[in-house]
Amino acid sequence: MKKRVAGLFISLICLFALSACSSSSNSSENKDKQLVMGTSGDYPPFEYVDTANGEEIIGFDADLAKALGGKTGYEITVKDMDFNGLITSLQSGKVDFVMAGMEATPERKKNADFTEPYFRSDISMVVDKKSGIKTVEDIKGKVVGVQVGSIQAEKAKELQKIVDFQLETRDRVPDLVQEINSGRFDGVLMEDVVSKGYLEKNDNLTTISVPSNETGGAAIAFQKDSELTSKFNDALKEMKENGEMDKLVAKWFNGEKSLKIAE
Ligand code: ARG
């Protein structure tokens, strides 16, 4: 009887030792399986902080990153920074990938590898309804704002070849809207799906269309030659095919739906 109890005791100890052992190896494994996502949390509904409900960065990109992480076996943590510093932070290894509604431009491709695009949108110009600005010609002699380092900044330089206006930049997108509301800016170039949210919250704002307004679509940036790019491409493809992407788009872009999903 005593022997039995002792035996049981020993096997219990062994069990504990084993589980302790395996759990510690698990946690070190998990550490390798973590990826830091760099983003610029100033861009609803792609990524933003819902200040009424905490400090966490939420949005389409955050959800998509987590879903892709689930499929590729990585836990994702999110790091917020200015949009303009994202690619440099990726290169220096401060973050493992960048997801920020960011398009794979030729310039950016020199410094990072991108997945296939996952979401496409157009650019328009946000103006105050009272300004009387109806067409791009109307911004002649006026002040237009864009986010530093964005394709909207590039777009603005192209527009300047057609119509003469003063170009101003800000690091964060909400500040651009703020400058229209305070009367310092007459227009802001913005992705239409992003401006939509600001229009809903600011009755005084509207958008006008700009020429050649299509964008190449948002993609995920990884370090050059990273093996993660193809892994995430596979996961993206799976999500586009099995309808998970449709669901996320419907959740964050209220029904904007799959025409916006980049093929
Ligand atoms: N789509 C634009 C670009 O690729 C702007 C993205 C801005 N993103 C942000 N999170 N602020 O340049």
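The values are calculated or read from the model by the stated rules, or taken from the named source; none is laboratory data. This one's a predicted model, so the numbers in the text were calculated from it and none came from an experiment. A quick note on method: Cβ atoms are made from the backbone with ideal geometry, for glycine too, and the neighbour counts reach across all protein chains shown.
Details
- Test: residue in segment 117-127 that is modelled with pLDDT of 95 or more, part of a strand (DSSP E or B) and surrounded by fewer than 19 Cβ atoms within 10 Å (Cβ to Cβ): no
- Among residues of segment 111-137 being among the small types (Gly, Ala, Ser) and farther than 18 Å from SER212 by Cβ, the one that is farthest from the ligand (Cβ to nearest atom) is GLY132.
- Residue pairs whose Cβ atoms lie under 9 Å apart, separated by 6 or more positions or on different chains, with the first residue in segment 223-242 and farther than 26 Å from SER92 by Cα and the second hydroxyl-bearing (Ser, Thr, Tyr), are MET239/TYR118; LYS240/TYR118; LYS240/SER258.
- Flag not set for MET37, criterion: under 18 Å from ASP171 (Cβ atoms) and either surrounded by 16 or more Cβ atoms within 10 Å (Cβ to Cβ) or over 12 Å from the mean Cα position of the chain (by Cα) (or both).
- When the residues of segment 53-86 are filtered to those that are surrounded by fewer than 16 Cβ atoms within 10 Å (Cβ to Cβ) and β-branched (Val, Ile, Thr), the one that is farthest from THR39 (Cα to Cα) is THR72.
- Boolean, ALA250 is among the aliphatic types (A, V, I, L, M), touching a residue at least 40 places away in the same chain (Cβ under 8 Å) and either more than 18 Å from VAL173 (Cα to Cα) or touching a Ser or Thr at 6+ places or on another chain (Cβ under 8 Å) (or both): no
- Condition met for ALA100 (over 22 Å from GLU214 (Cα atoms) and surrounded by 14 or more Cβ atoms within 10 Å (Cβ to Cβ)): no
- Scanning segment 154-184 for residues that are loosely packed, with under 15 Cβ neighbours inside 10 Å and among the basic types (Lys, Arg) yields a count of 3.
- For beta carbons closer than 6 Å, sequence separation of 6+ or different chains, a first residue in segment 95-110 that is closer than 9 Å to ILE220 by Cβ and a second that is outside any loop (DSSP other than H, G, I, E, B) and away from the ligand (no atom under 12 Å from the Cβ), the qualifying pairs are PHE97/PHE222; VAL98/LEU90; MET99/ALA65.
- Among residues of segment 129-187, those that are within 26 Å of MET81 (Cβ to Cβ), in contact (Cβ under 8 Å) with a residue 60 or more places away in the chain and over 27 Å from the mean Cα position of the chain (by Cα), counted: 0
- Scanning segment 138-153 for residues that are more than 16 Å from the ligand (Cβ to nearest atom) and either surrounded by 19 or more Cβ atoms within 10 Å (Cβ to Cβ) or within 14 Å of THR207 (Cα to Cα) (or both) turns up ASP138, ILE139.
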